[in-house]
Amino acid sequence: LQKAFIKKATALGLYDGRIINLDFHTIPHYGEESVLQEHWAGARGRRMKGALTLVAQDAGSRLILYTAADIQRNEANDQILQFLSFWKGTRRGLQSTLVFDSKFTTYHHLSQLNSQGIKFITLRRRGKQLIEELETLEPWEKIHIPHEKRKYPNPLVHQSRITLRDYEGEIRQVILRGNGREKPAFLISNDFDSPVEL
């Protein structure tokens, strides 16, 4: 049903498809008897019983283009490959960039995406050592992000090529400071060509 819907919506020009946001959401369950697992519910800031659901959103139109519900914790890391299989079956020839957070999948799965030529942008989990190494990094460059509503449009960035455990080859790392958050953001991507401002 989802494939048929997406194909029709695509034919009508509703989806851009160049950038796809992927995220997990927990749909809470308040019943007394439940076989559902506990998952993190970000909106409530705590773990609770509910159905873990993957939602894929077309960034251009902000329309939903895929969902998968009642995902078990041990199935979560593989969901990106399930989505990719679905997306390839609906949009042949279009190279999308997938965007998701640091806990969405593993570095091994990122390596699999890379080997299939799928571009991605994600956050890197920042540990204490990464934060401590910031003061030794050079050079930092001030950039301008052309977005009217952005409160901090001129962050400092540091770019490098790094290697990660369970990821084959090098990956691009972009660190942002002065972006309105107390701690810097660590982005990683297999896109080495796009300007950092984008």
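The values are calculated or read from the model by the stated rules, or taken from the named source; none is laboratory data. Note that the coordinates shown come from a computational prediction; the quantities given were computed from them, not determined experimentally. Glycine gets a Cβ as well: all are built from the backbone with ideal geometry, and neighbour counts include every protein chain shown. Areas reflect the complete protein model, heavy atoms only, side chains present, ligands, DNA and RNA absent. Shrake-Rupley method; radii C 1.70, N 1.55, O 1.52, S 1.80 Å.
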It is to be established whether one or more residues within region 75-93 are under 24 Å from residue 185 (Cβ atoms), at pLDDT below 90 and not in a strand (DSSP E or B). no
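Residue by residue, here is whether (1) within 19 Å of the chain's Cα centre (by Cα); (2) within 21 Å of residue 62 (Cα to Cα) holds:
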position: 86; (1), (2): yes, yes
position: 97; (1), (2): yes, yes
position: 131; (1), (2): no, no
position: 136; (1), (2): no, no
position: 144; (1), (2): no, no
position: 175; (1), (2): yes, no
If we keep just the residues of region 99-129 that are farther than 13 Å from residue 190 by Cα and surrounded by 17 or more Cβ atoms within 10 Å (Cβ to Cβ), which is farthest from the chain's Cα centre (by Cα)? 105
Can you spot a residue in region 37-59 that is outside any strand (DSSP E or B), open to solvent by less than 60 Å² (accessible area, probe 1.4 Å) and at pLDDT 90 or above? yes
If I filter region 148-162 down to residues being out of contact with any Leu (no Cβ under 6 Å at 6 or more places or on another chain) and either part of a strand (DSSP E or B) or modelled with pLDDT of 95 or more (or both), which single residue comes out as most open to solvent (accessible area, probe 1.4 Å)? 161
Within region 168-186, can you find the residues that are out of contact with any strand residue (DSSP E or B) (no Cβ under 6 Å at 6 or more places or on another chain) and of a type in the set (Lys, Arg)? 181, 183
Please enumerate the residues belonging to region 188-198 that are assigned to a loop (DSSP other than H, G, I, E, B) and open to solvent by less than 60 Å² (accessible area, probe 1.4 Å). 190, 191, 194, 196
State whether one or more residues within region 173-187 are without any contact (Cβ under 8 Å) to a residue 24 or more places away in the chain and open to solvent by less than 50 Å² (accessible area, probe 1.4 Å). yes
Assess whether residue 110 counts as being more than 19 Å from residue 192 (Cα to Cα), of a type in the set (A, V, I, L, M) and part of a helix (DSSP H, G or I). no
Looking at (1) over 30 Å from residue 83 (Cβ atoms); (2) β-branched (Val, Ile, Thr); (3) in contact (Cβ under 8 Å) with a residue 12 or more places away in the chain, which is the one condition that is false for residue 136? (3)
